[in-house]
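Here the structure is laid out as structure tokens; the discussion comes afterwards.
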Amino acid sequence: MIVGGYAASASAIIVQCNNCLPDGAFATAANQTLGEVVIVDNAKHLITRYYNRMERGRKIVQFVDSPSDLKNWYFGFIGDVVALSDSNGQVLIETGPGYSSNNSLMRRDPFANYDNWNAYNVITSPSGRQQLGESLADSLRPSIPGVSESLAQAMVSAGTGYAGTTLVFRIHWRDGSTSMFTYTGASPFAAYKDGSSTDKNKNPIVDSAVGGVNAGSIYVGTYQFQSNADKQVWVSSAALYGVTVGGVTGVGTVVVCNLQSTEGPVRIVCNGR
């Protein structure tokens, strides 16, 4: 039984099935498009690769191999993901620049280009944020002889999706601020989790969640900063998302945010002191 497919690249596809190998391998591969076809039998823990091509007007379905290294990694990865999942189907991965991850799922350091970043960089740089999400997803990719990087990355996505698990990266930046990204395998990168960032003082940092239904529970409260300079950084960042703060020109280190109204669009109003 075919249970799903995943495009690994422009010329490769992963087909997941239950009890289709080995007898149904050829027919399963023949039903796919041209290029590399990886058949994953989750029930029998088997993987077979084929390559489909056209020759003199005929579709040729060529057996490539049954890669034991890829098979061992893939089913081991799924087993680890399931074992590490909490009751909500999530795996929390604590990580960050210079931070020893608590999770064996990460195969490489995703922070080579982000060593000096903090949570504010994530908030204020959309392109950098997406690139960081790609790097986090790439950190899960194994290095397996005879397996291309694109296929290995696709196998990560396929395995995560099959396990039905969300991987949650909580990034601890060097200045003490934090950001969170989630990875489900549905896309080739980890997505930033709105409303999850805190500054080095553990105050929530305003992002697009400020316009959502949970804005009150996230942002209403009293924020204490270590210095007026820290407060001004928070204020400048909040302004990017439409939150203006009054009374911030002095040397105070406190901001108080309230929900203006429970009717109509959500609006957070803040004042400093």
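The values are calculated or read from the model by the stated rules, or taken from the named source; none is laboratory data. Computed from a predicted structure; not experimentally measured. Using ideal geometry, Cβ is built from the backbone for each residue, glycine included, and neighbour counts are taken over all protein chains shown.
Are any residues in region 9-50 part of a loop (DSSP other than H, G, I, E, B), of a type in the set (A, V, I, L, M, F, W, C) and over 30 Å from the mean Cα position of the chain (by Cα), and if so, which ones?
Residues of region 9-50 that are part of a loop (DSSP other than H, G, I, E, B), as a first pass: 10-11, 18-24, 31-34, 42-45.
Then drop every residue that is not of a type in the set (A, V, I, L, M, F, W, C), which leaves 10, 20-21, 34, 43.
Residues satisfying the conditions are C20, L21.
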If we keep only residues of region 66-120 that are touching a residue at least 24 places away in the same chain (Cβ under 8 Å), touching a strand residue (DSSP E or B) at 6+ places or on another chain (Cβ under 8 Å) and charged (D, E, K, R), then the residue farthest from G176 (Cα to Cα) is K71
Quick check, is F181 under 25 Å from L240 (Cβ atoms), touching a helix residue (DSSP H, G or I) at 6+ places or on another chain (Cβ under 9 Å), at pLDDT below 95 and of a type outside the set (S, T, Y)? no
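Filter region 200-227 down to residues that are more than 27 Å from the chain's Cα centre (by Cα) and hydrophobic (A, V, I, L, M, F, W, C) and give me whichever is farthest from L259 (Cα to Cα).
If we filter region 200-227 for residues that are more than 27 Å from the chain's Cα centre (by Cα), which is where we start, we get 220-227.
Filter once more, so that each one left must be hydrophobic (A, V, I, L, M, F, W, C): 220, 225.
Details: V220: 6, F225: 21 Å.
Among them, the one singled out is F225.
Just name the residue that is surrounded by the most Cβ atoms within 10 Å (Cβ to Cβ) out of those in region 109-122 that are among the aliphatic types (A, V, I, L, M) and at pLDDT 95 or above. Give the derivation first.
If we filter region 109-122 for residues that are among the aliphatic types (A, V, I, L, M), which is where we start, we get 112, 119, 122.
Now drop any that are not at pLDDT 95 or above, which leaves 119, 122.
Details: A119: 24, V122: 26.
Per the criteria, the residue is V122.
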Taking region 195-226 and keeping only residues that are charged (D, E, K, R) and surrounded by fewer than 16 Cβ atoms within 10 Å (Cβ to Cβ), one is left with K202
Could you please let me know if E149 is surrounded by 15 or more Cβ atoms within 10 Å (Cβ to Cβ), in the same structural domain as G185 (by TED's automatic domain parsing) and among the charged types (D, E, K, R)? no
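Say whether the condition of being part of a loop (DSSP other than H, G, I, E, B) and at positive phi is met by at least one residue in region 178-192. Before the answer, list the steps.
Step one: list which residues in region 178-192 are part of a loop (DSSP other than H, G, I, E, B), which gives 184-190.
Still in the running and at positive phi: 185.
For region 178-192, residues part of a loop (DSSP other than H, G, I, E, B) and at positive phi: present.
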Of all residues in region 53-76, count the ones that are buried (at least 16 other Cβ atoms within 10 Å of the Cβ) and at pLDDT 95 or above. 5
